[in-house]
Amino acid sequence: MATDSNIPQLHRRALLAGTSLLLTPRTIFAGLAIDDLNPFGHPDQGYHAIRSSFNTPADIERAARTAWDQFAATSDFQYGHWGLLYTYLWWQSLPVGQPRIKTAIIGRKMADKLAAFRPDHPAGHMWGANFFGFEALSRGILNSLQMVPELLRRLDRAEQVDPTYLDGLVYLARAKLYIKLPGFPMSVGSLDKGYKYLEQARSMQESRYALWYVVLAEAEFERRGRDAALAALDGIDNVCPYDRQTRYTYELSKYLAGKFVAAIQDGSYDRYTWDPLLEPVLELQQREFVPGQLCPAE
């Protein structure tokens, strides 16, 4: 189990300050060089080498840290970008509670630094919003309602810079926010707005980004019930991943769909207290979901 002691103080300070622990890291673990970590590489070539290297949260932390160190050493934006995506995986690998909260804060500070470095690029802004939302989710939705205005401000900025980043991820984040939050007077939750943003993302995500179906299923369960939610999850099989991060998202979505179905069936699903993104994903390492097809990037 990962605890705060699994996040060395020196490494945490380096991530937050943007300093470099390794000036020019070439090989990180399992024979992988830094450039082998590219999450936007071919969806098949090299994918399993990366996947099989992540057996513990510490493995994934090391990938995130190494990419970030390379960014700090070279000022090459792509490595900072990769570091954010691997910090997301690191966050997902941890148990719910303080480890998730602290890692979300680390990720948000990294993202804010990347946004300051390249304010014209959407990655820092979008991941700053994501990690701020992950922190709120980790603290508990009903315990984090005071964070909603800042989250909305961050999403506004990400959308302003580029709403098409990662196949319209900002629209999916907005949809999830409105679907999960309580409505007026407690907060701004609205299933109608959730569906609106799902529709805005549909043309970009329906055939490419499998997590869209998981968020859709949550909305369908709230509005139309169990059968509609299960039908929505069936759509994941229509997704055609086009790079490593969309292939991982396909596998993740298949895994989370199973967890969602189990939560519905055993009655543990609750809109405010259960969320698929809070399911630890290390179990996924012992399984594999193979997409029906892989697509070339456009």
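Could you rank the peptides 229-240, 90-101 by their average count of other C-beta atoms within 10 Å per residue, with the highest value first?
Values: 229-240: 18.2, 90-101: 20.3.
Result, highest mean Cβ count within 10 Å first: 90-101, 229-240.
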- Query: Nearest 20 debye, what's the magnitude of the dipole of the chain about its Cα centre given +1 on Lys and Arg Cβ and -1 on Asp and Glu Cβ?
  - Reply: 740
- Packing rank of 279-290, 214-225, 157-168, where each peptide gets the mean count of other beta carbons within 10 Å, highest leading: 214-225, 157-168, 279-290
- How big is the Kirkwood radius of region 199-298, worked out from every pair of different alpha carbons and given in Å to one decimal? 13.9
- Task: Would you calculate the volume per residue, in Å³, of the smallest convex hull containing every Cα atom of the chain?
- Result: 124
- Determine the calculated [θ] at 222 nm for the chain from helices alone, applying -39500 (n - 2.57) to every DSSP H run no shorter than 4 residues and normalising by the residue count; nearest 500 deg cm²/dmol. -19500 deg cm²/dmol
- Query: Stretched out fully, how many nm does the piece from Arg202 to Arg153 gain, at 0.36 nm a residue minus the Cα gap?
  - Reply: 15.3 nm
- Net charge of Cβ neighbours under 12 Å - reference Gly124; Lys, Arg +1; Asp, Glu -1: +3
- Which whole-percent values make up P(r) of region 38-164 when all C-alpha to C-alpha distances are grouped in 10 Å steps starting at zero? 13, 41, 35, 10, 0
- Pairs of lysines in the chain (C-alpha under 26 Å apart; 8 or more residues apart or interchain): 19
- Item | Using alpha-carbon coordinates, inclination of helix 148-161 to the longest axis of the chain, degrees | 70
- Message: Can you give me the angle between helix 191-205 and the longest principal axis of the chain, using Cα atoms only, in degrees from 0 to 90, rounded to the nearest 10?
- Response: 50
- So for region 182-298, taking the charge dipole from beta-carbon charges (+1 Lys/Arg, -1 Asp/Glu), which of Leu198, Gln286, Trp274 sits furthest toward the positive end? Leu198
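Rule-based calculations on the coordinates, nothing more; no lab input. Keep in mind it's a predicted model, so treat the numbers as computed, not measured. As a convention, Cβ positions derive from the backbone with ideal geometry for all residues, glycine included, and neighbour counts pool all protein chains shown.
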